[in-house]
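Take a look at the structure set out below.
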């Protein structure tokens, strides 16, 4: 199992865990990637958090949504709705992002079903997040749970696949590159 640690600022605050503590937990669990997600703070705060993570962590650092901060990390992760806010045509949206961040940076997007995975196969991406695997209380807008179907759908992706949504370290998959674990690292 390869670990992709999702560091959500709201969850850190709710669990009274510092950023530094989370990064240490991620390192102790051999995380290869940390994604920093913060949907509520201003860009200056997010920048400071990315700088702090970079001081502690030598692996890949991904920022959620805030591609304007790409110089402080290795890549960006965007949800389907975030892409559509850039442009209603997902291909144009990805073109805009790629031109803004450059070819040497990582781009990942969230996918939720086979149709989105097949569409992602046509995009200039490095990986997809696929899920939700099971119900989770950390994401309130989960529309569907893929369960055992997730691994089968993942087999259709030409990109690396990170399993998202209620994933545990003990889960076993055949076609998943990374287990994305956030609050599960804190328990």
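The values are calculated or read from the model by the stated rules, or taken from the named source; none is laboratory data. Bear in mind that the values here come from a model prediction, so they are computed numbers and not experimental data. With ideal geometry, Cβ positions are generated from the backbone for all residues, glycine too; neighbour counts draw on all protein chains shown.
Among residues of region 48-71 being within 17 Å of the chain's Cα centre (by Cα) and within 13 Å of residue 9 (Cβ to Cβ), the one that is surrounded by the fewest Cβ atoms within 10 Å (Cβ to Cβ) is 65. Could you look through region 74-116, keep only residues that are assigned to a helix (DSSP H, G or I) and under 15 Å from the mean Cα position of the chain (by Cα), and pick out the one that is surrounded by the fewest Cβ atoms within 10 Å (Cβ to Cβ)? Once the filter is applied, the top-ranked residue is 81. Of the residues making up region 1-17, those that are in contact with a helix residue (DSSP H, G or I) (Cβ under 9 Å, 6 or more places away or on another chain) and either buried (at least 23 other Cβ atoms within 10 Å of the Cβ) or not in a helix (DSSP H, G or I) (or both) number 7.
Of all the residues in region 95-112, those that are under 15 Å from residue 126 (Cα atoms) and touching a helix residue (DSSP H, G or I) at 6+ places or on another chain (Cβ under 7 Å) number 7.
Mind checking whether some residue in region 134-143 is surrounded by 18 or more Cβ atoms within 10 Å (Cβ to Cβ) and touching a strand residue (DSSP E or B) at 6+ places or on another chain (Cβ under 6 Å)? The answer is no; no qualifying residue exists. Of the numbered criteria (1) in a loop (DSSP other than H, G, I, E, B); (2) at pLDDT 95 or above, the one residue 150 fails is (1). A Cβ distance below 6 Å, combined with a sequence gap of six or more or placement on separate chains, defines the contacts here; from region 1-29, residues that are under 18 Å from residue 45 (Cβ atoms) reach residues that are assigned to a loop (DSSP other than H, G, I, E, B) and at pLDDT 95 or above in the pairs 9/38; 23/57.
Within region 123-140, the set of residues being touching a helix residue (DSSP H, G or I) at 6+ places or on another chain (Cβ under 8 Å) and at pLDDT 90 or above comprises 123, 124, 125, 128, 130, 131, 133.
Has region 18-30 got any residue that is farther than 20 Å from residue 132 by Cβ and assigned to a strand (DSSP E or B)? Among the residues of region 18-30, not one is farther than 20 Å from residue 132 by Cβ and assigned to a strand (DSSP E or B), which makes the answer no. Give region 44-70 a look and list any residue that's farther than 22 Å from residue 25 by Cα and out of contact with any helix residue (DSSP H, G or I) (no Cβ under 9 Å at 6 or more places or on another chain), or say none. Residue satisfying the conditions is 44 alone.
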